[in-house]
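Working notes, structure below.
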Amino acid sequence: MIGLSTNVYDLQGARIFRQAELDSKKCNENYRRDRRVSRTATLDGGVSVYDTGYSAGDRDMTIKVPRASRAISDYFAYLVKTYSEITVATSESVFSGVPAIWFIDSEGAANMVINLTEDIGG
């Protein structure tokens, strides 16, 4: 389940998406984690690694609704066009994020990409 909410009062600004509405494959991809690591080849045949750790702000979360109604599609478009920051609640934690991209894919599913900026769930 994923909950989205604007950070200011907006009668149309909050919505919960139940697991049955979401694309399960895309939901599983949202759990991916990457570290801030760069690897450089050295002249002796080894590597030099520069690791600056992990940050939730490096993640993107994609919400994909395969059988999206017009209302869901309009909601995604509204968030992307109107808000620079929203709150995203998942079973994992609560995040701040930027609603960055909204689109309908070739299968007709509504998609929204959220650039997470911070884990605010503790």
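The values are calculated or read from the model by the stated rules, or taken from the named source; none is laboratory data. Note that the coordinates shown come from a computational prediction; the quantities given were computed from them, not determined experimentally. FYI the Cβ positions are ideal-geometry reconstructions off the backbone, even for glycines, and counts take in every protein chain you see.
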*Find the strands (runs of 3 or more DSSP E) located wholly in the stretch 20-122 whose residues include 2 or more that are in contact with a Gly (Cβ under 8 Å, 6 or more places away or on another chain) and loosely packed, with under 13 Cβ neighbours inside 10 Å, and list them.*
35-41
*Select, from S73, S48, S5, the only residue that is hydroxyl-bearing (S, T, Y), at pLDDT 85 or above and under 14 Å from the mean Cα position of the chain (by Cα).*
S5
